[in-house]
Ligand code: COA
């Protein structure tokens, strides 16, 4: 039976970045403005005063120091606190298409693929800029790929779910090579006025090529040994934005139409779920935790990743075992573990085994066990 491999990965990083200091300064100006504007109502107990954010809290609670964004000025303007991204006409490429094409070109170059070698495009990310036509079909057209494309969304786990979908397609010969892209503009659904979460997300796009070893041009790809997915319903990470919002005009623009989470509960509930899935999946394939050379974990929170590593390996996390990009990219939803894989896989040797794991809203957890091979 032929092996299925990851033959290329690509990364598009936006040109602008926001430090915790810049973000907190803008947030605290917003808080000062709000509290002075509503001084009377706050004094009368009709409104609650808003509390300031802190750089120290953000770094300690999450490990995040800065994030890349598609529009820095809008996010940092205390009167706006949202990216300003002008709508493009139908005749121009969409912004998610542009990001995806940039990441895809790098992945295709690494894999030695031209558009005619690829016959399926999956856009796997937590927010699409429109319902239809599918982003994947626009990207397919922009790259000159024949075949089919579709979009899928399982929030932060969409990339690993996308890899399993691609593996299944290649295994059943419904596609010979799949391009899976993750254009995440998380700043678009983050409530920058919410102290508990305003620091969490950043923007990015990643791309992965999945194909059989027979067609693989790369000499040192990663065999996908196995994939495993799990979902369990939870309201602890939720966004009620959707096409039915206008059917209830009172709710348009309310806070629940952006990212909302119960961070503490997510932390407590998702850590054991992810650790159990990884441990069980490794055991199914008779792989001992100590045989794992690298874990490319979902990038939401450094303390979560510490705990997950401890539960699986019994050891403290090290950059060599579980590299992090949280400090510079923040949480980039589905793209986080793929950024880590893209940046930190070259030093692995033949037969080294690694794990790409994501977790997030749903809850959803995806695990991909890979081995570096030589062709
Ligand atoms: N600045 C300063 N203090 C803040 C703050 C901010 N921006 N936000 C919250 N705090 C305060 C809280 O008010 C609270 O104060 P109290 O102890 O006086 O009540 C204290 O800090 C602790 O808040 P808490 O929300 O319990 O922090 P935490 O340690 O749980 O960290 C998260 C918050 C969100 C970083 C963390 O829970 C987390 O990462 N959870 C998982 C998130 C995740 O994976 N989400 C998936 C998204 S796809």
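A few comments on the model shown:
- Rounded, prolate or oblate (a/c below 1.5 giving rounded, otherwise prolate when a/b exceeds b/c) for the stretch 136-187 by Cα gyration tensor: oblate
- Prolate/oblate/rounded call for the stretch 296-361, Cα gyration tensor, a/c under 1.5 rounded: oblate
- Relative to the longest principal axis of the Cα atoms of the chain, helix 20-37 runs at roughly 30 degrees.
- Within the listed set 251, 360, 336, the Gaussian network model of the chain (springs between alpha-carbon atoms below 10 Å) gives the highest mean-square fluctuation for 251.
- Computed with the Debye formula from one identical point scatterer per Cα of the chain, without solvent, the log10 of I(q)/I(0) at q = 0.13, 0.15 Å⁻¹ comes to -1.03, -1.34.
- Normalising the average separation of contacting C-alpha pairs (under 8 angstrom, six or more residues apart) by the number of residues puts the relative contact order of the chain at 23 percent.
- If the convex hull is drawn through the Cα atoms of the stretch 216-255, its volume per residue in Å³: 193 Å³
- Just checking the listed ones, 136, 226, 120: in the Gaussian network model of the chain with Cα springs under 10 Å, the one fluctuating most is 226.
- Calculated [θ] (222 nm, deg cm²/dmol) that DSSP helices of n ≥ 4 give over the chain, each run adding -39,500 (n - 2.57): -10000 deg cm²/dmol
- DSSP-defined antiparallel bridges as percent of all bridges, the chain, nearest 5: 75 percent
- For the stretch 326-375, the extents of the C-alpha atoms along the principal axes are 37, 24, 14 Å, listed from largest to smallest.
- Compared with the dominant Cα axis of the chain, that is its longest principal axis, helix 95-111 is turned about 30°.
- Diffusion coefficient (Stokes-Einstein, Kirkwood radius over C-alpha pairs, 4 °C, 1.567 mPa s) for the stretch 249-371: 85 µm²/s, rounded to a whole number.
- For the stretch 127-188: relative contact order, % (alpha-carbon pairs under 8 angstrom, 6 or more apart): 28 percent
- Here the relative contact order of the stretch 228-320, from alpha carbon pairs under 8 Å that lie six or more residues apart, stands at 23 percent.
- Distance distribution P(r), the stretch 1-63, all Cα-Cα pairs, bin width 10 angstrom from 0: 17, 26, 22, 15, 10, 7, 3, 0 percent.
- Working from label points 7 Å from Cα in the Cα-to-Cβ sense, the residue 214 to residue 51 distance is 6.1 nm.
- Counting only alpha carbon atoms, the long axis of helix 263-284 and the longest principal axis of the chain meet at about 10°.
- Computed E for residue 21/residue 269 - FRET, C-beta separation, R0 25 angstrom, nearest 0.05: 0.20
- Most mobile of 187, 89, 19 in a GNM of the chain (Cα contacts under 10 Å): 89
- For the stretch 57-116, alpha-carbon Rg and Dmax in angstrom: 17.0, 49
Bear in mind that the values in this text are calculations on the coordinates, not laboratory data. This one's a predicted model, so the numbers in the text were calculated from it and none came from an experiment. Every residue, glycine among them, receives a Cβ derived from its backbone with ideal geometry; neighbour counts consider all protein chains shown.
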